[in-house]
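S.K.: Take a look at the following structure, please.
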Amino acid sequence: MGIVSNLKGSRTQEGLPVSDGLPPSSTSVSHKKKCSNLLPLVVALVVIAEISFLGRLDMAKNAAFFDSWPDMFYKSHFSDGVAVAGVDNEIEALGGDQNGVAQNCEQWLEREDAVVYSRDFSKDPIWVSGTEQIVKFSEWFVYEILKFTDKCYLQMKYCLWHLFVLREHQEWKTCAVGCKFGFDPSKKTDAAFGLSQEPGVATVLRSMESALYYSDNNIAQARRRGYDIVMTTSLSSDVPVGYFSWAEYDIMAPVMPKTEQALAAAFISNCGAHNFRLEALVGLEKANIKIDSYGGCHRNRNGKVDKVEALKRYKFSLAFENSNEEDYVTEKFFQSLVAGTIPVVVGAPNIEDFAPYPGSVLHIKELAEVQSVANRMKYLAENPDAYNQSLRCSVVHSPWKYEGPSDSFKALLDMSAVHSSCRLCIHLATIIQEKEEKSSDFKKRPCKCTKGSETIYHLYVRERGRFEMDSIFLRSSNLTLDALKSSVLTKFRYRKHVPVWKQERPETIRGGDELKVYRIYPVGLTQRQALYNFKFERDADLKNHIQSNPCAKFEVIFV
């Protein structure tokens, strides 16, 4: 004990006779005797103080030491919270106030709930096999990009290879978990595209086609066939693979003058679609809506044009899909938004979920609605102010093309800031850790700490698209939705967190450094649930969830 040693040395020196050439006076000797009598008491107090000081250091740095003194300090792993002598004594030493209770409980929970998973994904990454499907998807993706890149378009195979390699090095190295695709005989495969017969390997279905054409893409059907993970355009799938992204579509491109005589443009090539889109087109024409058709169906214009550039000259775009399926929203719709034309939609029954703002889309839900939609198109075309407000969202007169789309739209497209292949790896890694958390060691975590009438709950949160969790704490006296939101914001602001979508969005709608919470939801929900269906209706719902799920995990969506 360095402090005690130094004090003992001083005491020995003070006890020596002072050699200054003069004999000590009797008064001085008497005073020294009194001090000498008090020294044992002083030393004892110093020793006690040092033990207390070192004890407080050890509580933070050497939990093993305290585990050997269960009657004095922390007792590990109480299933009904913690009310132990070490916490009591420490709180009393700090004055016993409420902040002291929370601070000490939080420190204790951070240590006791901390776990070391058996797998470090940075060193032992997720492995997904099934190269043919991966290359097929990657070539499709790159091909779509290269159609707009003249220099590479002439050397397709060369560019495909180099862009695929570049993409592999960029996408996977920035993924929140180690993520590898391909084959390595020295590595255990975690998942495989297609129906694998290998035990312990998760089977993955990945497709961007409509389930009305490919029945295996129906989630329930895919489960029956034996697929563990479904990746389709459906937001209810495990890992959605939508047609949308900030990178692919210049959503905030300026609106150009509408110079064409025809009200609408159509690009329809599949004349045998499984819906009524051709009947709707004919119905609009019969209602005296002039349509320029560039596709293979009902063509009356030369189709060799740049689609988006052509659409920019029209007031309306017929974004008619080949099937009316939930969440099946393709480039037809998003290219209309880029072009600054009002989409007239035959397709997804929930197309409003994909609208940049309420009222910015005209939806033909059934053939009986063709006439009413035609009337609306005529009215907007004849009333420039009304048309402009439609582009700017007539419901609230908010110019989304100038001030930005709704938070709902941003939250949807922000999902694509993390590539679906990376999100697959995050999904797999999360499942692996959840399985490990069911072991007896994990179940011993206290997850809450009780002092008197107050209980501190330990929760975990991460941003959607990230993997690692951060700790937050809520008090039983304030177990509310507002408190959860406040705790999340406080944590991420303290860390100077940069949202995962920050560099993906158009610069005009990135916003400043301020964080804004759009949704907080339990880990494990689908994106349809997270974005549209799930919500803690009351504080009591949150309280019940936290109390029923020790060390509950949440994801947050920032906008």
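S.K.: Please specify each residue of segment 208-247 satisfying the condition of being surrounded by fewer than 19 Cβ atoms within 10 Å (Cβ to Cβ) and β-branched (V, I, T).
M.R.: Selection gives I219 alone.
S.K.: When segment 362-383 is examined, which residues are found to be without any contact (Cβ under 8 Å) to a residue 24 or more places away in the chain and under 21 Å from S408 (Cα atoms)?
M.R.: Matches in segment 362-383: H363 only.
S.K.: OK, next. Please state which of the following conditions D482 fails to meet, knowing it meets all the rest: (1) in contact with a strand residue (DSSP E or B) (Cβ under 9 Å, 6 or more places away or on another chain); (2) among the acidic types (D, E); (3) more than 21 Å from A429 (Cα to Cα).
M.R.: D482 satisfies every listed condition except (1).
S.K.: Quick check: is even one residue across segment 293-306 in contact with a strand residue (DSSP E or B) (Cβ under 7 Å, 6 or more places away or on another chain) and either closer than 28 Å to S408 by Cα or in the same structural domain as S416 (by TED's automatic domain parsing) (or both)? Write out each step before concluding.
M.R.: Here is the first cut: in segment 293-306, the residues in contact with a strand residue (DSSP E or B) (Cβ under 7 Å, 6 or more places away or on another chain) are 293-295, 299-301.
Next cut, either closer than 28 Å to S408 by Cα or in the same structural domain as S416 (by TED's automatic domain parsing) (or both) only: none.
No, segment 293-306 contains no residue that is in contact with a strand residue (DSSP E or B) (Cβ under 7 Å, 6 or more places away or on another chain) and either closer than 28 Å to S408 by Cα or in the same structural domain as S416 (by TED's automatic domain parsing) (or both).
S.K.: Consider only pairs whose beta carbons are under 7 Å apart and that are at least six residues apart or on different chains; among these, list those whose first residue lies in segment 540-551 and is of a type outside the set (D, E, K, R) and whose second residue is part of a helix (DSSP H, G or I).
M.R.: Matching pairs, first to second residue: L542/L481; L542/L484.
S.K.: Output the number of residues of segment 146-192 satisfying the condition of being modelled with pLDDT of 95 or more and either touching a Lys or Arg at 6+ places or on another chain (Cβ under 6 Å) or among the polar types (S, T, N, Q) (or both).
M.R.: Summing the residues that are modelled with pLDDT of 95 or more and either touching a Lys or Arg at 6+ places or on another chain (Cβ under 6 Å) or among the polar types (S, T, N, Q) (or both) in segment 146-192 gives 2.
S.K.: Can I268 be described as assigned to a loop (DSSP other than H, G, I, E, B) and touching a residue at least 60 places away in the same chain (Cβ under 8 Å)? Step through it out loud before you land on a result.
M.R.: Numbers: assigned to a loop (DSSP other than H, G, I, E, B): yes; touching a residue at least 60 places away in the same chain (Cβ under 8 Å): no.
The answer is no for I268.
S.K.: Quick one: is F558 farther than 23 Å from P240 by Cα and surrounded by 16 or more Cβ atoms within 10 Å (Cβ to Cβ)? Spell out how you get there, then give the answer.
M.R.: On the way: farther than 23 Å from P240 by Cα: no; surrounded by 16 or more Cβ atoms within 10 Å (Cβ to Cβ): yes.
No: the conditions fail for F558.
S.K.: Take segment 438-459 and flag every residue that is surrounded by 17 or more Cβ atoms within 10 Å (Cβ to Cβ) and of a type in the set (F, W, Y).
M.R.: At the first step, the residues of segment 438-459 found to be surrounded by 17 or more Cβ atoms within 10 Å (Cβ to Cβ) are 445-451, 455-459.
Across segment 438-459, the qualifying residue is only Y457.
S.K.: Against the conditions (1) assigned by TED's automatic domain parsing to the domain that holds Q547; (2) buried (at least 18 other Cβ atoms within 10 Å of the Cβ), where does T508 fall short? Just the number, please.
M.R.: Condition (2) is where T508 drops out.
S.K.: Let me ask another. Please verify whether A483 is surrounded by 18 or more Cβ atoms within 10 Å (Cβ to Cβ), aliphatic (A, V, I, L, M) and either under 26 Å from Q103 (Cα atoms) or touching a Phe, Trp or Tyr at 6+ places or on another chain (Cβ under 7 Å) (or both), treating the condition exactly as stated. It would help to see each step written out before you state the result.
M.R.: On the way: surrounded by 18 or more Cβ atoms within 10 Å (Cβ to Cβ): no; aliphatic (A, V, I, L, M): yes; either under 26 Å from Q103 (Cα atoms) or touching a Phe, Trp or Tyr at 6+ places or on another chain (Cβ under 7 Å) (or both): yes.
No: the conditions fail for A483.
S.K.: What tally of residues in segment 489-498 results from selecting those that are surrounded by 13 or more Cβ atoms within 10 Å (Cβ to Cβ) and in a loop (DSSP other than H, G, I, E, B)? Before you say what the answer is, go through the steps one by one.
M.R.: Keep residues of segment 489-498 that are surrounded by 13 or more Cβ atoms within 10 Å (Cβ to Cβ), which gives 489, 491-492, 497-498.
Filter once more, keeping what is in a loop (DSSP other than H, G, I, E, B): 497-498.
The number of residues fulfilling the criteria is 2.
S.K.: With the structure loaded, tell me whether Y532 is farther than 21 Å from A114 by Cβ and at pLDDT 95 or above or whether it fails that test.
M.R.: Values: farther than 21 Å from A114 by Cβ: yes; at pLDDT 95 or above: yes.
Answer is yes for this residue.
S.K.: Another one. Of the conditions (1) farther than 29 Å from E403 by Cβ; (2) without any contact (Cβ under 8 Å) to a residue 40 or more places away in the chain, S471 fails just one. Which one is it?
M.R.: (2)
S.K.: I'd like to know if segment 472-488 contains one or more residues that are part of a helix (DSSP H, G or I), modelled with pLDDT under 95 and over 21 Å from D113 (Cβ atoms). Give the steps one after another, and end with the answer.
M.R.: Restricting attention to segment 472-488, the residues satisfying the condition of being part of a helix (DSSP H, G or I) are 476-478, 481-488.
Add one more test, that the residue is modelled with pLDDT under 95, and what stays is none.
Scanning segment 472-488, I find no residue that is part of a helix (DSSP H, G or I), modelled with pLDDT under 95 and over 21 Å from D113 (Cβ atoms), so the answer is no.
S.K.: Given the structure, is A386 in contact with a Leu (Cβ under 7 Å, 6 or more places away or on another chain), among the aliphatic types (A, V, I, L, M) and touching a residue at least 40 places away in the same chain (Cβ under 8 Å)? Explain how you work it out, then say what you get.
M.R.: On the way: in contact with a Leu (Cβ under 7 Å, 6 or more places away or on another chain): yes; among the aliphatic types (A, V, I, L, M): yes; touching a residue at least 40 places away in the same chain (Cβ under 8 Å): no.
So A386 fails the test.
S.K.: Okay, moving on. From the set of residues in segment 335-355 that are over 13 Å from F244 (Cβ atoms) and small (G, A, S), which is surrounded by the most Cβ atoms within 10 Å (Cβ to Cβ)?
M.R.: Applying the filter and picking the extreme gives G347.
S.K.: Being modelled with pLDDT of 95 or more, surrounded by 14 or more Cβ atoms within 10 Å (Cβ to Cβ) and either within 20 Å of S420 (Cα to Cα) or among the basic types (K, R) (or both), is that true of even one residue in segment 535-542?
M.R.: There is no residue in segment 535-542 that is modelled with pLDDT of 95 or more, surrounded by 14 or more Cβ atoms within 10 Å (Cβ to Cβ) and either within 20 Å of S420 (Cα to Cα) or among the basic types (K, R) (or both).
S.K.: Please find, among Y357, Y314, Y328, Y294, the residue that is over 21 Å from Y532 (Cα atoms) and in contact (Cβ under 8 Å) with a residue 40 or more places away in the chain. First the steps, then the outcome.
M.R.: On the way: Y357 fails: over 21 Å from Y532 (Cα atoms); Y328 fails: over 21 Å from Y532 (Cα atoms); Y294 fails: in contact (Cβ under 8 Å) with a residue 40 or more places away in the chain.
Y314 is the lone residue from the list that is over 21 Å from Y532 (Cα atoms) and in contact (Cβ under 8 Å) with a residue 40 or more places away in the chain.
S.K.: Could you look through segment 257-296, keep only residues that are closer than 24 Å to N383 by Cα and among the β-branched types (V, I, T), and pick out the one that is surrounded by the fewest Cβ atoms within 10 Å (Cβ to Cβ)?
M.R.: Here the answer is T259.
S.K.: Taking R519 as the residue in question, decide whether it is in a helix (DSSP H, G or I), touching a residue at least 40 places away in the same chain (Cβ under 8 Å), of a type outside the set (A, V, I, L, M, F, W, C) and surrounded by 13 or more Cβ atoms within 10 Å (Cβ to Cβ).
M.R.: For R519, the condition - in a helix (DSSP H, G or I), touching a residue at least 40 places away in the same chain (Cβ under 8 Å), of a type outside the set (A, V, I, L, M, F, W, C) and surrounded by 13 or more Cβ atoms within 10 Å (Cβ to Cβ) - is not met.
The values are calculated or read from the model by the stated rules, or taken from the named source; none is laboratory data. Keep in mind it's a predicted model, so treat the numbers as computed, not measured. Reconstructed Cβ throughout: ideal geometry from the backbone, glycine too, with neighbour counts over all protein chains shown.
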